[in-house]
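Enquirer: Right, I'll just put the structure down here and ask away after.
Taken together, the values in this text are just the output of simple stated rules run on the coordinates, not laboratory data. The structure displayed is predicted, hence computed values, not measured ones. Backbone-built Cβ (ideal geometry, glycine too); neighbour counts: all protein chains shown.
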Amino acid sequence: MKTKFMTLFGFLILLSTAFGSSANAQCVLSFKRGASALTASSLSMRQISATTEAAAKKVIAENRADSTTAGEIQNITGLWDLKFIADDQVVDEGFDQYHSDGTEILNDTPPPAAGNVCLGVWAKTGALTLKLKHPSWIYDPTNTTVIGTATILEQITLGSDGNTFGGTFTIQLRDLTGNSLGPDFTGQLQATRITPD
């Protein structure tokens, strides 16, 4: 059974796409909202300056609060030893690198010709949770013609210590017109942070 899953992963884990964070837009909107009530006709320059300074301090405080939450999820950034598990067996393993810009790179165990370096994107879904998406190409048996896509979807929860994460994965196989090529394949994820020590 392990050989079946390893073959599936060798065929499927060729990952790529992009989600980004919207934290900066929220900060800009907060500042504009605070400043929009000010008009030169209703306030003196001193009042405008004091009100603007107060609004700026409020935005800075909000940004600090936002960065605390963002900082929790940013702990995902770094290098991980990731295991894909199905039917209580490790069916694939890789070195998984998360970046603060919402992108991710996985170098896993299939042979290089099968595409063992894959790209993905992640987005925060909660203080310690995120989602990850890896679209990739599926080729015919000769590895020369694209016949469809494999998309790996992950739901991840970062451990409170910041050095582990777990979750689930689903692999969806589609032909080039979007029709299913078979049932979804699901399993669990376990990862441990790799440190320079």
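Enquirer: Can you compute the equivalent ellipsoid semi-axes for region 88-193, i.e. the square root of 5 times each eigenvalue of the Cα gyration tensor, sorted largest first and rounded to whole Å?
Expert: Working through the eigenvalues yields semi-axes of 26, 15, 13 Å.
Enquirer: Then there is this: Determine the sum of side-chain charges near HIS134: Lys and Arg each +1, Asp and Glu each -1, restricted to other residues whose C-beta is under 15 angstrom from that of HIS134.
Expert: Around HIS134, the surrounding residues sum to -3.
Enquirer: Subtracting the Cα-Cα distance from 0.36 nm times the residue separation, let me have the gained length for THR170 to LEU79 in nm, one decimal.
Expert: Contour length minus Cα-Cα distance gives 30.6 nm.
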